[in-house]
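Everything below concerns the one structure shown next.
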Amino acid sequence: MFGSTAIHIRTLDEIEQLRKSSLLVGETLSEVAKNIKPGVTTKYLDTIAEEFIKDNNAEPVFKGYNGYPASLCISINEVVVHGIPGNREIKEGDIISIDCGTFLNGWVGDSAYTFAVVGVSEEAKKLMKVTKESLYLGIEKCVIGNRIGDLSHKIQSYCEDYGYGVVRELCGHGVGRKMHEEPEVPNFGKAGTGIKFKEGMVIAIEPMITMHKKEVVFERDGWTCRTKDMSWAAHYEHDVAITKNDPYILSSFEKIEETIKQNNNLVIV
Ligand code: MF3
Ligand code: CO
């Protein structure tokens, strides 16, 4: 799918290197979160991220990827993922999915979080909560001997039980030296199918969940992915290593969530 054939197995030392990049993504999203308030443009938030990443001796991995023009993907409300930063302004009640990738010392970190702006509806908060829960339920499946389909099925069934839509067009992926490596990590599928998890695999898990129908359309810019029925969507992403023991979450929402609690314009979900 992503052009390479083998699934990479990383040593513990390599996983710690990768983790540094993943943690930098969380720090970047936390910096961005400090600046979210009604009236700011998504383009402004993108400049904050790019500067912060470069100040930390890393590169924004999205910029230039297949011609993508920015350091972040900022996807508001009905936009599911891959929203290009521009002149759209943040409004009260919006939900904003921000996806960020860094290249640090040869390793890619890739993580995303959905933010709620003050005034957000209860139903949008519920969508965010369930989407984030589905990510952690998927992560729990990342143990040796389980299969990708176990994770995919868990995310799908959990979200569909709430009547939500699971986007089919885009998936999670292996992550490491490149942003997109084998294997593909769908958010839908059958338990007991797909490749088996082995110690040393590292994957990015990223449920993209809509409030109603699962169908999406891509805007003419070639990137922006929004729901066909204009219902709102949420997106969270973590990088996770399979180890001898528990799943090892390399990215972190800790700093992001500290910032949300301190920013009066944001609501913690
Ligand atoms: N996290 C997204 C993904 O894994 C981000 C890619 S955006 C791109 O596909 F612009 F860089 F493609
Ligand atoms: Co990703």
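The table for this structure:
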{"item": "In the range 85-106, residue surrounded by the fewest Cβ atoms within 10 Å (Cβ to Cβ) [restricted to those that are of a type in the set (Val, Ile, Thr) and away from ligand 2 (no atom under 16 Å from the Cβ)]", "result": "Ile90"}
{"item": "Test result for Gly109, assigned to a strand (DSSP E or B), crowded, with 23+ Cβ neighbours inside 10 Å and near ligand 1 (Cβ under 9 Å from one of its atoms)", "result": "no"}
{"item": "Single match in Met230, Met201 (criterion: under 19 Å from the mean Cα position of the chain (by Cα), modelled with pLDDT of 95 or more and away from ligand 1 (no atom under 14 Å from the Cβ))", "result": "Met201"}
{"item": "Residue list for the range 1-56, filter: in a helix (DSSP H, G or I), polar (S, T, N, Q) and farther than 26 Å from Lys261 by Cα", "result": "Gln17"}
{"item": "Test set (1) under 16 Å from Gly109 (Cα atoms); (2) free of Cβ contacts under 8 Å to residues at least 60 places away in the same chain - Asp239 fails condition number", "result": "(2)"}
{"item": "Members of the range 182-218 that are within 23 Å of Lys132 (Cα to Cα) and acidic (Asp, Glu)", "result": "Glu184, Glu206, Glu215"}
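The values are calculated or read from the model by the stated rules, or taken from the named source; none is laboratory data. Everything numeric here is computed off the predicted structure, so don't read it as measured data. FYI the Cβ positions are ideal-geometry reconstructions off the backbone, even for glycines, and counts take in every protein chain you see.
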